[in-house]
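Engineer: Input: one structure, supplied below.
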Amino acid sequence: MNVILLGPPGAGKGTQAKRLEEKHKLIQLSTGDMLRAAVASGNDLGKKAKEIMDAGQLVPDNLMIDLISDRIDQPDCTNGFILDGFPRTTPQAEALDSMLAEKGLKLHSVIEMKVQDEILVDRITGRYTCANCGAGYHDSFQQPRVAGVCDACGGTEFTRRSDDTAETVRSRLAAYHAQTAPILPYYGEKGVLKAVDGMTGIDEVTAQIEDALGAA
């Protein structure tokens, strides 16, 4: 089973990807992780990627497709993969389909997690973590049982990501709508696109995704 999770920043793709990994024995593929691994390995693809990134340029689509191609050839991807963060554009989606077809593979489902922008702004700007153990909290949805004390380790120092501001989040959402949302019709025409309501509880979103996968 090969799955793509689509949705704006803060929609909960990472959480759902982990659940899919555990239940279906899939491998979550992060393009960022793959780039870092390739650079660290020093192989030909990694050297090319390093040169491009060191020059302050974006890694071109064909190199990203080559990285994904190499990764899904590895034995741990036998049961399938979950892509989160790629593709972001229609040309990337077309290139991914072509590469999979060459391997005799195809996408099983493309799951769009729909969440309203203002809900996402509230979700993201309210996040904070324990500085000691990394446990996650939220101003509205998940505060420590004892105010100012981490449930997990008892720590009393908390941090917020510097880019989790309303202005930054809205900028990221605008980029998503401009660049990534246009690929939805592409997958819709192929009959693999399924939408779920990402504004419900985590377990309900998981159930919707499982229903969508079963109906594919």
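The values are calculated or read from the model by the stated rules, or taken from the named source; none is laboratory data. Keep in mind the model is a prediction, meaning the values are calculated, not measured. Positions of Cβ are generated from backbone atoms using ideal geometry, with glycine treated the same way; all protein chains shown enter the neighbour counts.
Engineer: Taking interchain pairs and intrachain pairs at least six residues apart, which have beta carbon atoms under 7 angstrom, with the first residue in the range 19-38 and at positive phi and the second surrounded by fewer than 17 Cβ atoms within 10 Å (Cβ to Cβ) and not β-branched (V, I, T)?
Structural biologist: Once the first residue is at positive phi and sits in the range 19-38, its partners that are surrounded by fewer than 17 Cβ atoms within 10 Å (Cβ to Cβ) and not β-branched (V, I, T) give K25/N79.
Engineer: Condition first: assigned to a strand (DSSP E or B), over 10 Å from the mean Cα position of the chain (by Cα) and not acidic (D, E). Can you find one or more residues in the range 18-34 that meet it?
Structural biologist: Yes: the range 18-34 contains one or more residues that are assigned to a strand (DSSP E or B), over 10 Å from the mean Cα position of the chain (by Cα) and not acidic (D, E).
Engineer: Does G148 satisfy the criteria of being surrounded by 12 or more Cβ atoms within 10 Å (Cβ to Cβ), over 30 Å from I72 (Cβ atoms), of a type outside the set (D, E) and at pLDDT 90 or above?
Structural biologist: Taking the combined requirement at face value, the residue does not satisfy it.
Engineer: Ok, one more. Between R145, R170, R160, R127, which is within 30 Å of L58 (Cα to Cα) and in contact with an Asp or Glu (Cβ under 7 Å, 6 or more places away or on another chain)?
Structural biologist: Of R145, R170, R160, R127, the one residue that is within 30 Å of L58 (Cα to Cα) and in contact with an Asp or Glu (Cβ under 7 Å, 6 or more places away or on another chain) is R127.
Engineer: Another one. Exactly one condition in (1) hydrophobic (A, V, I, L, M, F, W, C); (2) closer than 14 Å to N2 by Cβ; (3) modelled with pLDDT under 95 is false for M99; which is it?
Structural biologist: In the conditions (1) hydrophobic (A, V, I, L, M, F, W, C); (2) closer than 14 Å to N2 by Cβ; (3) modelled with pLDDT under 95, M99 misses (3) alone.
Engineer: Please go through (1) assigned to a helix (DSSP H, G or I); (2) at positive phi for K48 and return the number of the only condition it doesn't satisfy.
Structural biologist: Single failed check for K48: (2).
Engineer: Are any residues in the range 118-140 exposed (fewer than 15 other Cβ atoms within 10 Å of the Cβ) and either among the small types (G, A, S) or in contact (Cβ under 8 Å) with a residue 60 or more places away in the chain (or both), and if so, which ones?
Structural biologist: Within the range 118-140, I119, A131, G134, G136, S140 qualify.
Engineer: Select from the range 157-189 the residues that are in contact with a strand residue (DSSP E or B) (Cβ under 8 Å, 6 or more places away or on another chain) and either surrounded by 13 or more Cβ atoms within 10 Å (Cβ to Cβ) or at pLDDT below 95 (or both) and list them in ascending order.
Structural biologist: The answer is F158, R160, R161, D164, T180, I183, L184, Y187.
Engineer: Considering only residues that are more than 22 Å from A17 (Cβ to Cβ) and part of a loop (DSSP other than H, G, I, E, B), which ones fall in the range 80-107?
Structural biologist: G104, the sole residue that qualifies.
Engineer: Taking the range 56-82 on its own, how many of its residues are at pLDDT below 85 and surrounded by fewer than 12 Cβ atoms within 10 Å (Cβ to Cβ)?
Structural biologist: Final tally of qualifying residues: 3.
Engineer: Taking the residues in the range 117-142 that are part of a helix (DSSP H, G or I) and β-branched (V, I, T) as candidates, determine which candidate is farthest from G198 (Cα to Cα).
Structural biologist: First pass over the range 117-142, keeping only residues part of a helix (DSSP H, G or I): 117-125.
From what is left, the residues that are β-branched (V, I, T) are 119, 121, 124-125.
Values: I119: 10, V121: 14, I124: 14, T125: 17 Å.
Ranking the candidates gives T125 first.
Engineer: Looking only at the range 188-215, which residues are of a type in the set (S, T, Y) and in contact with a helix residue (DSSP H, G or I) (Cβ under 7 Å, 6 or more places away or on another chain)?
Structural biologist: Within the range 188-215, just T206 meets the criteria.
Engineer: Continuing with the same structure: Just need a number here: residues in the range 164-209 that are charged (D, E, K, R) and more than 27 Å from T90 (Cβ to Cβ).
Structural biologist: 4
Engineer: Still on this model: Out of all the residues in the range 108-116, is one or more part of a helix (DSSP H, G or I), among the hydrophobic types (A, V, I, L, M, F, W, C) and over 16 Å from I27 (Cα atoms)?
Structural biologist: No, every residue in the range 108-116 fails to be part of a helix (DSSP H, G or I), among the hydrophobic types (A, V, I, L, M, F, W, C) and over 16 Å from I27 (Cα atoms).
Engineer: Considering only the range 143-153, I want to know if a residue exists there that is acidic (D, E), in a loop (DSSP other than H, G, I, E, B) and touching a Pro at 6+ places or on another chain (Cβ under 7 Å).
Structural biologist: Yes: the range 143-153 contains one or more residues that are acidic (D, E), in a loop (DSSP other than H, G, I, E, B) and touching a Pro at 6+ places or on another chain (Cβ under 7 Å).
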